[in-house]
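Working notes for the structure below.
The values are calculated or read from the model by the stated rules, or taken from the named source; none is laboratory data. Note that the structure is predicted; figures quoted are calculated from it, not measured. Note that we place each Cβ from the backbone using ideal geometry, even for glycine, and neighbour counts take in every protein chain shown.
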Amino acid sequence: MIDDDQKAAYRRDGFIVVPDLLDAGELATLRAVIGELVAGAAAVDTHTAVYDLEPGHTRSAPRVRRIKQPHSVHPAFAAIPRKPAVIEVLTALIGPDLRMQGSKLNMKAAQYGSPVEWHQDWAFYPHTNDDILAIGVMLDDMALDNGPLLVVPGSHRGPVWNHHGEDGRFCGLVDPADIEDEIARAVPLVGRAGSLSFHHVRALHGSALNTSARDRNLLLYEIMAADAWPLLGVKDVDEFDAKMIHGTPTLEPRLASVPVRMPLPPAERQGSIYENQSASTRAYFTKARG
């Protein structure tokens, strides 16, 4: 599904976008499931194991900014990273033995969808090597005005930025004053619905408030080479191996010389990146109003 030029672009820039990996029928199914999930948020008042809610959420006007672990919520979400066309891209980028750590559906409703501050995924879950990426499934057409992912080219080959707050605790964002030059070089990952982006775990990225009249739903999967083991440890090897989506697991972690900064002490506010980041006063993007 990708050629040598696209593989070279991923190595150089830390990201690529591959169009039309989902068809109209798959998109329709996913949108129907999402509609049911958002309607179900009318039964909750606060964050749950499934829902991360927008500021201003009420039962009469449900506002959802994230569905947590959607691959565990509905089989339609679990099927996407296992599609042969997607596996083919993943194999070309990080190898044939693949594990899915988790997933999330970040939802930016028209006019208020919450931003995500600048960060590196690597800061949240450092491993023994960095053959790790995130798949971004564009469930809606994405353009600059509806809050697409913004990624800094080449940043995956640079440092691990400080994601700790003034209190010394992990807060899941980089002070924008530290990365002014990087932010100026960021590019949007845009495309039509059904396109998939693939960005390296160390790529510096964020996304702005959705200021358009269109929704922007982005389904994300964390995928790693099977020999990348989490530095924070594995509690249950059988559960760990059950996360394999292709190939063969291994008990031999591959050690690479990669920069690491541990996400400890943990964030004061837990539950999602939105909660982690809310503990910091160092924001770059305009916030959603309650």
Quiz item: Do any strands (runs of 3 or more DSSP E) lying entirely in region 1-120 carry at least 2 residues that are among the aliphatic types (A, V, I, L, M), and which ones are they?
Solution: 15-18, 64-68, 98-108
Self-check item: The listed residue being modelled with pLDDT under 95 and in contact with a helix residue (DSSP H, G or I) (Cβ under 8 Å, 6 or more places away or on another chain), out of Arg214, Arg261, Arg289, Arg202
Solution: Arg214
Quiz item: Which residues, taken from region 63-77, are in contact with a strand residue (DSSP E or B) (Cβ under 8 Å, 6 or more places away or on another chain) and either crowded, with 16+ Cβ neighbours inside 10 Å or more than 19 Å from Gly271 (Cβ to Cβ) (or both)?
Solution: Arg63, Val64, Arg65, Arg66, Ile67, Lys68, Pro70, His71, Val73, Phe77
Quiz item: In region 242-277, which residues are touching a Ser or Thr at 6+ places or on another chain (Cβ under 9 Å) and without any contact (Cβ under 8 Å) to a residue 40 or more places away in the chain?
Solution: Arg269
Quiz item: On the given criteria, is Asp97 free of Cβ contacts under 8 Å to residues at least 24 places away in the same chain, acidic (Asp, Glu) and either over 19 Å from Asp140 (Cα atoms) or crowded, with 20+ Cβ neighbours inside 10 Å (or both)?
Solution: no
Quiz item: Out of all the residues in region 39-61, is one or more under 25 Å from Ala143 (Cβ atoms) and either without any contact (Cβ under 8 Å) to a residue 40 or more places away in the chain or in contact with a Pro (Cβ under 8 Å, 6 or more places away or on another chain) (or both)?
Solution: no
Quiz item: Limited to region 28-55, what total is found for residues that are under 19 Å from the mean Cα position of the chain (by Cα) and aliphatic (A, V, I, L, M)?
Solution: 5
